[in-house]
């Protein structure tokens with residue numbers, strides 16, 4: 001139960017941070033700042049753009065992708081840790 005809790009907590013924390021960073025980038029991009037990063041983010045994410053809907057969609061997409069990647073990484077880490085600690 002403890003490892004599952006860490007797995008889920010870390011994944012959710014990563015998703016929240018990813019969504020917050022996407023929001024920050026959208027706000028800064030609309031202010032004319034970090035436009036190179038905005039262009040890169042638009043290339044990497046299907047739904048992100050500088051409109052309100054695009055920022056929200058990018059936040060959701062970024063959160064989902066980050067959740068899945070962190071979940072898979074922590075799951076594999078914990079499996080390897082259990083196997084190697086025997």
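Every number here is computed from the coordinates shown, using simple stated rules; none is lab data. A quick note: this is a predicted structure, and the numbers were derived from the prediction, not measured. Here the Cβ is made from the backbone with ideal geometry for all residues, glycine too, and neighbour counts use every protein chain on show.
The mean of 1/r over all pairs of different alpha-carbon atoms in region 45-86, once inverted, gives a Kirkwood hydrodynamic radius of 11.9 Å. Using the Cβ-Cβ distance between residue 83 and residue 17 with R0 set to 25 Å, the FRET efficiency works out to roughly 0.30. Helix 35-44 sits at what angle to the longest principal axis of the chain, using alpha carbons and giving 0 to 90 degrees rounded to 10? Helix 35-44 sits roughly 50 degrees off the main axis of the chain. Mind giving me the FRET efficiency for residue 75 and residue 30? R0 is 25 Å, r the Cβ-Cβ distance, nearest 0.05 is fine. FRET efficiency, residue 75 to residue 30: 0.10. Taking the number of Cβ atoms within 10 Å of each Cβ as an exposure proxy, the fewest-first ranking of 51, 11 is 51, 11.
For the chain, take the longest principal axis of its alpha carbons; what is the angle in degrees between that and the long axis of helix 2-30, to the nearest 10 within 0 to 90? Tilt relative to the chain: about 10 degrees.
Nearest 10 degrees is fine. How inclined is helix 52-84 to the longest principal axis of the chain, computing both from alpha carbons? Once rounded, one gets 20 degrees. Computed over the chain, the alpha-carbon pair-distance distribution with 5 angstrom bins reads 3, 16, 21, 18, 12, 10, 8, 6, 4, 2, 0, each value a whole percent.
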